[in-house]
Amino acid sequence: MRKKQLSPTHKRDMDIERAFSDLHPPLDAGAAFIEASRCLYCYDAPCINACPTAIDIPTFIHQIRTDNLDGSARTILDANIMGGTCARACPTEILCEGACVLNKGDEKPIRIGALQRRSVDHLMDKVAKNGTHPFQRAPQSGRRLAVIGAGPAGLSFAHRAAMLGHDVTVYEARPKPGGLNEYGLAAYKMVDDFAQKEIDFLLGIGGISIKYGKKLGEDFSLSDLKKQYDGVFIGIGLGGSGTLGIPGEDLDGVEPALSFIEHLRQAKQKSHVKCGRHVVVIGGGNTAIDAAIQSKKLGAETVTLVYRRGDDSMSATAWERDLARLNDVQIRTWARPSSIGGDQKADHIMFERTKIIDGRLQGTGETYRLTADLILKLLARKCCLWGLVIFRSKMAGSWLMTNIKHRCPAFMQAAIVSNQVMI
């Protein structure tokens with residue numbers, strides 16, 4: 001019997017799906033044991049100090065080595081309930097792994113992110129099978145809290161508040177929870193719908209309800225919530241992208257990089273996402289890298305990332321930049337966009353070279369042109385009231401407002417809730 005031949009379209013679809021497979025495949029039991037055995041279990045561990053959520057890394061690694069995966073996961077999740085996403089998406093090379101003492105010798109650092117994923121995934125899979133949740137709620141406190149935004153910050157806050165016995169209602173503008181984890185991370189970093197699986201696990205504690213399609217300022221006001229609840233946490237994360245402020249920005253084919261990533265993340269079949277033949281990405285962060293790499297994986301002939309300053313000034317880590325180059329993304333520096341051209345649809349973009357003059361970034365007047373039918377811009381996101389917590393004080397009718405921006409703003413520390421909500 002002749003083997004059925006795949007059509008060119010079917011083969012292309014399969015190639016694209018393979019291109020978006022897991023960037024860092026999980027460790028199996030043997031590999032995790034070997035990796036955990038390399039840890040020196042430092043007393044004053046620099047990896048803990050480098051972790052934005054202060055996870056006790058030596059402890060959870062030792063628990064892996066002694067085959068206590070449940071305990072290891074609990075150590076991680078006690079500090080960061082979103083530890084599964086962190087294990088996949090955190091720039092560990094400049095955080096915990098970058099601080100590992102093994103870097104000082106000839107050895108590679110401990111693969112902390114991979115070990116963290118091993119533990120958290122194990123526990124999440126176990127809970128999904130038997131339904132026994134590792135976190136239990138305290139007796140009901142009688143207090144009701146509102147959270148605006150079902151992103152990492154809002155959900156982390158909601159989980160810890162629910163643990164303390166408070167009833168939490170989350171107001172989310174979008175049809176799905178997750179925020180950046182669901183809409184803003186590269187598809188090859190968050191495979192198998194992990195963001196939603198993590199949220200299902202988080203909500204398993206109980207005491208948290210989510211109202212979707214509810215936008216602050218349109219469907220409800222802060223005053224409304226203050227009348228109904230004992231406290232309000234404002235965790236509005238993803239905001240609109242800024243503008244380039246150049247001619248031609250309103251042409252078809254020019255869009256925010258985050259919109260492109262969101263569309264790709266929500267697509268049932270990635271091969272159906274439209275991508276240009278010649279893509280230009282404007283920006284210098286990890287998200288710009290994500291957009292550039294994914295454009296290439298979708299089949300773009302050329303992808304060029306352009307940043308206004310030098311390579312060392314890019315917020316994208318060296319590892320991410322290397323990954324981009326490995327995926328045939330060209331990175332150009334010291335240039336800023338000056339205009340976009342095309343007849344209704346963009347077909348090219350002009351850049352002006354830049355340099356530092358008298359301590360300021362300035363254009364040199366020298367320009368060059370890049371062919372582009374898709375231009376993805378990633379600029380400073382417009383965001384207000386981020387991370388603001390408002391709690392009713394013991395004084396009748398008064399409210400306490402506390403800004404709690406944190407070094408890793410997506411994930412809120414438990415102290416925020418335990419110190420402020422227990423009123």
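Computed over the Cα atoms of segment 80-137, pair by distinct pair, the Kirkwood hydrodynamic radius stands at 12.9 angstrom.
Taking only alpha carbon atoms, segment 175-225 gives an Rg to Rh ratio of 1.06, where Rh is the Kirkwood radius. What is the log10 of I(q)/I(0) for the chain, computed with the Debye formula using one identical point scatterer on each Cα and no solvent, at q = 0.08 Å⁻¹? Cα-only, vacuum Debye calculation for the chain: -0.51.
Amide H to amide H, with H built 1.01 Å from N, V170 comes under 5 Å of V147, S209, I210, K211, counting only residues 5 or more places away or on other chains.
Counting every pair of alpha carbons in segment 24-130, the share spaced more than 23 Å apart comes to 16 percent. Given the pairs K211/K268; K126/K274; K104/K377; K104/K189; K197/K227, which are separated by over 31 angstrom at their Cα positions? K126/K274; K104/K377; K197/K227, as the Cα separations exceed 31 Å there. Projected onto its three principal axes, the C-alpha set of segment 254-377 covers 51, 38, 21 Å, listed from the longest axis down.
Highest mean first, the peptides 337-349, 270-282, 244-256 sorted by other C-beta atoms within 10 Å per residue fall in the order 270-282, 337-349, 244-256.
Regarding segment 248-313, what is the average projected area of its C-alpha convex hull, in nm²? List each step's numbers first, then the result.
On the way: hull surface 19.3 nm².
The number I arrive at for segment 248-313 is 4.8 nm².
Counting every C-alpha pair in segment 154-265, the share spaced more than 20 angstrom apart comes to 52%.
What GluC sites (Glu not before Pro) does segment 301-364 have in DSSP loop regions with at most 14 other beta carbons within 10 Å?
On the way: sites: E301, E320, E352; in loops: E301.
Here the GluC sites (Glu not before Pro) that fit, given the DSSP loop and packing criteria, are E301.
Across segment 45-106, Cα-Cα distances exceeding 18 Å account for 34% of all pairs.
FYI, it's all coordinate maths here, none of it is from the lab. These figures come from a predicted structure and were not determined experimentally. Glycine also receives a Cβ, built like all others from the backbone with ideal geometry; neighbour counts cover every protein chain displayed.
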